[in-house]
Every structure is written in C-alpha cells, then in structure tokens.
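In what follows, a single structure is set out as structure tokens and then discussed.
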Amino acid sequence: MNRLSSVLILVLALALSMSFGTALKADTLEDVKSKGVLVAGVKDAVVPFGFVDEKSKELVGFDVDICKEIAKKLGVDIELKPVTSATRIPKLSQGMVDLAACTMTHKLSRDDVIDFSITYFMDGQKLLVKKGSGINSYKDLAGKKVGSAKGSTSEKNIKVVQPDCTVLSFEGYPQAFLALKQGKVSAVTTDSVILIGLKGSDDKPEMWEIVGDFFANEPYGIGVRENDSNFRDFVNRSLIEMWNDGTYKKIYDKWLGPDTKYYMPLTWEMETFPE
Ligand code: GLU
C-alpha cells in the first residue's frame, strides 16, 4: 500500500466514524430541552392547519396548536418555521427543524428518509371545482388540467387514478386555487380538509364545490428524524395524552368543529397505547 492510499483509507475511516457518531448521537429530545426551544416546521398557507392570521400576522392553525402543546409538555418555547410540501422532508433531515407537523401523509416510501409519529389526523383526497362545472369525479378529468402542490402525495395519486389528465404542480395550494379561478386548471386536488380550507376562506365560497369520493387515504403523521426514537416516543406520548385528556378534541373543534367555516366531523379514533 502506498502512502497516498493509506492516507485515503484513514480519511475514509475518519469520515465513516464521524457519520456513525452523529447517527448514534441523534437525540432531539435532549437537544430541544437543552436549547430550550422546539423548532417546528409548519405550513404557512394551508387553512386551517398552518397559515398567517390576518390580524395578528402570526402563524396559527391546527398543526401549530398541536406543536405548541408538545412544546408545553417539553417545558420549552416554540419557534415556528414555514415549510412547503417540497421542502419539509429535506429541512427535517438537515436539522433545520426538530419536527414537521404540516399536513404530511405518512407514506411507507417517506419512511425511507424520515420517521413518523402515530396517525394524528385522518383524511383522503378529493377534487375542488367550480360549481356547475360538470366535473363530478376524477373520471371526468381525462384530457383536462389539474392543479396541485409540488412534493405532495396529491400530485402523484391523481395520475394513478386518471393517467389522462395533466397535473400542474404549484408551490402551494393557494396558487393552485388561483389557477382554478383563472381557468388555467379545471380542478384542484389534494386532501379534502385542505380543499375545505380553500373553499371556506374564499370571498365567495358558494362558487366552489368539493366533489367525488375519496380516491386515496391520507393519514397524517408528525415527521421526526430517522433513528431518533426517544423524541418520537415523546411525540407519540404527547399525542396520546392530548387525545385521552380532551386537549386534542378542543384543538380539533377550534379549527374544524361545527362552529367553524371548515367543519369536518371527527369520524376516526387515534390509536392509543395503554400506560
Ligand atoms: N397530505 C398530502 C401530503 O402529505 C397532501 C398535503 C400536502 O401537500 O401537505 O403530501
């Protein structure tokens, strides 16, 4: 072995041990406690999950309240960082946020990159169209353009059920909705609760309708980093406690209850584990 190759092997061994070192050390629970702040990745343009309140200019919503509750249980402050469907997984993996609570479906394929909490919200995919458009299902979208968001499950699922449509993927759902208003797409597709939020927060909600049956299941999980099980356990425990002590229902009703513009009956139960 010449001198150069032994130096190369040494550098490689050092790099490997450093990366193993970081992988083994990943303990977000301890990190968050010692820095005194939970950095949460949330949406900033998805009503009513994560969006900017017009009056206070603060980020608010269902996901925001869930994160605030977790921070409270940790005894730390919260810092909210906006993420999009496309940036949330890279931002979490790169350590820019401690967790990602952002209308994110737990998919087995996403499990290759990050880990997820237990399911904390249950939904499915539908279509939002202009009232009277004649579109009643994805079957009516052959040869038509459909708007969705980059990095979402929605942009992929629609092509599975309707390969003959063209998907235009935008930065976020408000942009897809704008394209619908401008007649550039015939429908917006994503989780029904996001469509309820778009319709319910529009100036003229009566102009839009959510149509068709669910054509994909969308169970939401809170994203955490791979191999960070102390933290994932803490997040799961927090969700279970919230469900059992009624905090979850309070947050749910605040954003999605019958007195809101985004009413969606709670029809599923969280999978809770006994003590
Ligand atoms: N829940 C779906 C997903 O995780 C669609 C909503 C979103 O883009 O956040 O991709």
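Values in this text are rule-based calculations from the coordinates and carry no lab data. Here the structure is a predicted model, which means the values were calculated and not measured. Every residue, glycine as well, gets a Cβ built from its backbone with ideal geometry; the counts of neighbours run over all protein chains shown.
Show me the ranking of peptides 81-88, 120-127 by mean Cβ neighbours inside 10 Å, starting with the highest. Display every interim value, and only then the final one.
Numbers: 81-88: 21.0, 120-127: 22.9.
Descending packing order for the listed peptides: 120-127, 81-88.
Cα axis of helix 3-25 to longest principal axis of the chain: angle in degrees, 0 to 90, nearest 10?
Tilt relative to the chain: about 60 degrees.
Pop out the ³J(HN,Hα) list for segment 214-227 in order, Karplus 6.51 cos²θ - 1.76 cosθ + 1.60 with θ = phi - 60°, rounded to Hz; leave Gly and Pro as x.
Once θ is set to phi - 60°, the couplings for segment 214-227 become 4, 10, 7, 8, 10, x, 7, x, 7, x, 10, 5, 4, 6 Hz.
In what sequence, highest mean first, do 190-201, 54-65 appear when ranked by Cβ atoms within 10 angstrom?
On the way: 190-201: 23.3, 54-65: 17.7.
Top to bottom by mean Cβ count within 10 Å: 190-201, 54-65.
With n ≥ 4 as the cut-off for DSSP H runs, can you work out [θ] at 222 nm for the chain, using -39500 (n - 2.57) per run divided by the number of residues, rounded to the nearest 500? Walk me through the intermediate numbers first.
Values: 9 runs with 102 residues, N = 275.
About -11500 deg cm²/dmol.
Put +1 on the Cβ of every Lys and Arg and -1 on every Asp and Glu Cβ in segment 49-169; which of Leu99, Val160, Gly75 then has its Cα farthest towards the positive end of the dipole?
Farthest along the dipole direction, towards plus: Val160.
Quick one: which residues, 5+ away or cross-chain, put their amide H under 5 Å from the amide H of Trp208? H built at 1.01 Å from N.
Lys131
Measure out, as a whole number of angstrom, how far apart the alpha-carbon centroids of segment 232-257 and segment 154-201 sit.
29
If you take every DSSP beta bridge whose two residues both sit in segment 98-212, what share of them, in percent to the nearest 5, is antiparallel? Could you put the intermediate results ahead of the total?
Numbers: 8 of 15 bridges.
Bridges in segment 98-212 are about 55 percent antiparallel.
So who's got an amide H within less than 5 Å of the one on Lys81, skipping anything under 5 residues away but keeping other chains? H placed 1.01 Å off N, in plane.
Amide H neighbours of Lys81: Ala40, Gly41, Val42.
By DSSP, what percent of the beta bridges with both residues in the chain are antiparallel, rounded to the nearest 5? Let's see the in-between values first.
Details: 20 of 35 bridges.
The antiparallel fraction comes to roughly 55 percent.
With a/c under 1.5 counting as rounded, go ahead and sort segment 28-158 into rounded, prolate or oblate using the C-alpha gyration tensor (a ≥ b ≥ c being the square roots of the eigenvalues; past the cut-off, prolate if a/b is larger than b/c, else oblate). Let's see the in-between values first.
Numbers: a/c = 2.70, a/b = 1.81, b/c = 1.49.
Here segment 28-158 falls in the prolate category.
What aspartates and glutamates sit close enough to Lys249 to cross-link, taking a C-alpha to C-alpha distance under 17 Å and skipping anything fewer than 8 places away on the same chain?
Straight-distance partners of Lys249: Asp63, Asp65, Glu69, Asp123, Glu241, Asp259, Glu269, Glu271.
Which lysines have a Cα lying under 26 Å from the Cα of Lys131, excluding residues fewer than 8 positions away in the same chain?
Lys139, Lys144, Lys145, Lys150, Lys156, Lys159, Lys181, Lys184, Lys199, Lys204, Lys261
Which whole-Hz ³J(HN,Hα) couplings does segment 133-146 yield from phi under the Karplus relation 6.51 cos²θ - 1.76 cosθ + 1.60, θ = phi - 60°, glycine and proline marked x?
For segment 133-146, the Karplus-derived couplings read 6, x, 8, 10, 6, 4, 4, 7, 9, 4, x, 10, 9, 10 Hz, x marking Gly and Pro.
Rounded, prolate or oblate for the chain? Axes are the square roots of the Cα gyration tensor eigenvalues, ordered a ≥ b ≥ c, and the cut-off for rounded is a/c under 1.5. Walk me through the numbers before you get to the answer.
Values: a/c = 2.26, a/b = 1.45, b/c = 1.56.
Verdict is oblate for the chain.
Relative to the present Cα-Cα distance, how much length would full extension add between Lys130 and Lys72 at 0.36 nm per residue of separation?
16.7 nm
Report the full-extension gain for the segment Ser229 to Lys249: residue separation times 0.36 nm, less the Cα-Cα distance, to one decimal in nm. Please list the in-between numbers first.
Numbers: separation 20, 0.36 × 20 = 7.20 nm, distance 2.62 nm.
Gain in length upon complete extension: 4.6 nm.
Non-local amide H neighbours of Leu127 (under 5 Å, H modeled in plane, Pro and chain starts lacking H): which ones?
For Leu127, whose amide H was placed from the backbone, the distant partners under 5 Å are Val211.
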